[in-house]
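All remarks here apply to the structure that follows.
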Amino acid sequence: MEDGNRSFTVDEALVEMGFGKFQLYVLAYAGMGMVAEAMEMMLLSFVGPAVQSLWNLSSREESSITSVVFAGMLIGAYSWGIVADKHGRRKGFIITAVVTFVAGFLSAFAPNYTWLIVLRCFVGLGLGGGPVLVSWYLEFIPAPNRGTWMVIFSGFWTVGTILEASLAWLIMPSLGWRWLLALSSIPSSLLLMFYKWTPESPRYLILQGRKAEALSILEKIARTNGTQLPKGVLGSEMETEMEETKSHPTESTHLLKPGELEEAPPPVSKIVLKPDDKGPLLTLLSPELIKRTLLLWVVFFGNAFAYYGVVLLTTELKISQNSCYPTEKELTHSSNDVNYRDVFIASFAEFPGLLISAAMVDRLGRKASMSSMLFTCCIFLLPLLTHQSPTLTTALLFGGRICISSAFTVVYIYAPEIYPTAVRTTGVGVGSSVGRIGGVLCPLVAVGLVHGCHQTIAVLLFEFVILVSDSPQEHEEPNNHDFVTDYNDAKLFIIKSYSEDNVHKSIKYNVWTSTSNGNKKLDAAYREAKDEKEQPCPVFLLFSVNGSSQFCGVAEMIGPVDFEKSVEYWQQDKWSGQFPMKWHIIKDVPNSQFRHITLENNDNKPVTNSRDTQEVKLEQGIEMLKIFKNYGAETSILDDFVFYEEREKCLIEEEDDVVKYTI
């Protein structure tokens, strides 16, 4: 095929161009948005105590200043996502920046409590658009680098919390809370100042059919990074997939004799699962997704409740000690009751939390990292069931904040990986909104119970919520990051599937079969690995669908081939026999990631040119397993699972009709 006729997708172009100066500019802009959100959230710890003294507010009224911000975010998280999907990412986040800046700046001039509540609610509404800016940022990052750069991006939140704590320490004792509110709105204004230089997401433009604009932006990225676009023309995912299907011979081509006519196989489908007519929320609650959706909601709620609780406890425990423990010196309840030094020190806990999450998330896996951090957080909070000295209280909250910030970072890495592409943004957005509910309720505990001298009950409630949010992570999903890739001995084989329908059935029923010779080869390898090897020797199968130009997963043989047993659900009748297997990784990894790996036992050809049941030597096989595990794929056959389920039902019904007609 001539290069001029080839197509490439936005993702392929980003991978080809790599991470460079352009992505650093995008990181800086999106990072400023994260700093702005962190500062607006952190100042709640200082403004509440200050205005309570000024306006003689009750504990419930003080906590409402924080709760209305989360209520606004709850509305904004859903609303701005719809705006961004319909009108573009740039329009989505510029509206949120305007609302956040205007409402935040005007809050400094609020004449009374009612006006402050209204304006802070609008600030929350603007902050609810934060996920739009995150999505815009990620859509410029090459897929293999997204995990790493998402952790780095999270570091801007830490920068924002430290900046706000520093600003409060400098401003509050002398100038007061109004100056703090005004100066804290500056990062949002910077988003407005530099907005005209921000590009639209090329992925969004492609979805809207605006290919010329998308290509122009990709060319600008290439110029800025000093690289080149892939050869060919820019196309959508569907167009590229159809082209590759036509340009690659299928397995049946090699099985036909010269001159024998081939019955064209069905095209490799990349139908993306779309929310049905019930709407995106009901799609998340469909039988296929409801379990993971509800579990994710619990995790988001618990982590948000605990995180903002630890942040608020840093100031509220100090204030409550003045009135709840008469043995201490009586102090006037004012904003000066807040120990800004302690808050400043506690804010630095975000940095080690970020580093710990980055170090653990790929080594221990998402679930193990989250569980260990949440459990350790409970240990740190346990001594606070009773009154402790100010120094020990600060130290315990510092440790607790390290753990909960680390766990919360892992949540945002874990959440997108458990949803199909078509509902991924909606799923994470709704989950984040449920987390905002935790933020709404948290001040009622951190402020209400603590001010009411019920410190023990408040801390017990935090412990309970943390433990509950840790418990739902027992379910097992594919692409487990605990998957081991280093082996002293293992056997690995390339599997070339006739169609994605067969891969779907393999995932559904945990079985596979090959040609007669292929089954004999795999069975001999399994028996040798289990019967003749002294050390464990797993047999891995590296799956690829003919004509797809990508690999789609890794499975392991867990039993020998049963040559007598056959099933009727394969797409062709020629398959006989089957063997049990377990899927470890299910994700789309393009051939370009593997093409540098050559096989000595196949004339030094690239592994991407292999035939079905081609054996891969241990060294090259281990390298392939590591690429599979670490590749930041956004698509997999799981995205289309509902489609293949429906197609299987239709095929079964058609076969039944044929049988009835024959009879």
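The values are calculated or read from the model by the stated rules, or taken from the named source; none is laboratory data. Values in this document were obtained by computation on a predicted structure and should not be read as measured data. Here the Cβ positions follow ideal geometry from the backbone for every residue, glycine too, while neighbour counts run over all protein chains shown.
Is there any pair with a first residue in region 610-625 that is hydroxyl-bearing (Ser, Thr, Tyr) and a second that is part of a loop (DSSP other than H, G, I, E, B) and at pLDDT below 90 whose Cβ atoms are under 6 Å apart and which are 6 or more apart or on different chains, and what are they?
THR613/SER514
Filter region 521-560 down to the residues that are of a type in the set (Lys, Arg) and modelled with pLDDT of 90 or more and list them by number.
Answer for region 521-560, where residues must be of a type in the set (Lys, Arg) and modelled with pLDDT of 90 or more: just LYS521.
Is it true that some residue in region 27-37 is in the same structural domain as LEU215 (by TED's automatic domain parsing), out of contact with any helix residue (DSSP H, G or I) (no Cβ under 8 Å at 6 or more places or on another chain), under 25 Å from VAL428 (Cβ atoms) and hydrophobic (A, V, I, L, M, F, W, C)?
yes
Any residue at all in region 516-527 that is in contact (Cβ under 8 Å) with a residue 60 or more places away in the chain, among the small types (Gly, Ala, Ser) and surrounded by 22 or more Cβ atoms within 10 Å (Cβ to Cβ)?
Checked region 516-527: no residue is in contact (Cβ under 8 Å) with a residue 60 or more places away in the chain, among the small types (Gly, Ala, Ser) and surrounded by 22 or more Cβ atoms within 10 Å (Cβ to Cβ).
Among the residues of region 479-493, what is the count of those that are modelled with pLDDT under 65 and out of contact with any Gly (no Cβ under 8 Å at 6 or more places or on another chain)?
Residues that pass the stated criteria total 1.
Going by the conditions given, is PHE380 more than 21 Å from PHE46 (Cα to Cα), modelled with pLDDT of 75 or more and either crowded, with 22+ Cβ neighbours inside 10 Å or not polar (S, T, N, Q) (or both)?
yes
Matching residues to (1) assigned by TED's automatic domain parsing to the domain that holds ILE171; (2) assigned to a helix (DSSP H, G or I); (3) at pLDDT 80 or above; (4) within 24 Å of PHE156 (Cα to Cα):
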| position | (1), (2), (3), (4) |
| --- | --- |
| LEU57 | yes, no, yes, no |
| TRP80 | yes, yes, no, yes |
| ALA84 | yes, yes, no, yes |
| ALA97 | yes, yes, yes, yes |
| TRP115 | yes, yes, yes, no |
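Within the set of pairs 6 or more residues apart or between chains, which connect a residue that is more than 22 Å from PHE153 (Cβ to Cβ) and not assigned by TED's automatic domain parsing to the domain that holds ILE162 inside region 342-356 to a residue that is among the small types (Gly, Ala, Ser) and surrounded by fewer than 23 Cβ atoms within 10 Å (Cβ to Cβ) with Cβ atoms less than 9 Å apart?
Cβ pairs passing all conditions: PHE344/SER166.
Which one of these does ALA30 not meet: (1) of a type in the set (Gly, Ala, Ser); (2) within 25 Å of ALA222 (Cα to Cα); (3) not in a helix (DSSP H, G or I)?
(3)
Being assigned to a helix (DSSP H, G or I) and either within 27 Å of GLY353 (Cβ to Cβ) or hydroxyl-bearing (Ser, Thr, Tyr) (or both) narrows it down to one of GLU164, GLU213, so name that one.
Going through GLU164, GLU213 in turn, just one is assigned to a helix (DSSP H, G or I) and either within 27 Å of GLY353 (Cβ to Cβ) or hydroxyl-bearing (Ser, Thr, Tyr) (or both): GLU164.
Quickly run through region 172-183 and pick out the residues that are free of Cβ contacts under 8 Å to residues at least 24 places away in the same chain and not in a loop (DSSP other than H, G, I, E, B).
LEU183
Under the condition of being in a helix (DSSP H, G or I) and at pLDDT 80 or above, which residue from region 1-23 is surrounded by the fewest Cβ atoms within 10 Å (Cβ to Cβ)?
LYS21
Among the listed residues TRP136, TRP157, TRP169, which satisfies the condition of being farther than 30 Å from ALA222 by Cα, part of a helix (DSSP H, G or I), of a type outside the set (D, E, K, R) and in contact with a helix residue (DSSP H, G or I) (Cβ under 8 Å, 6 or more places away or on another chain)?
TRP169
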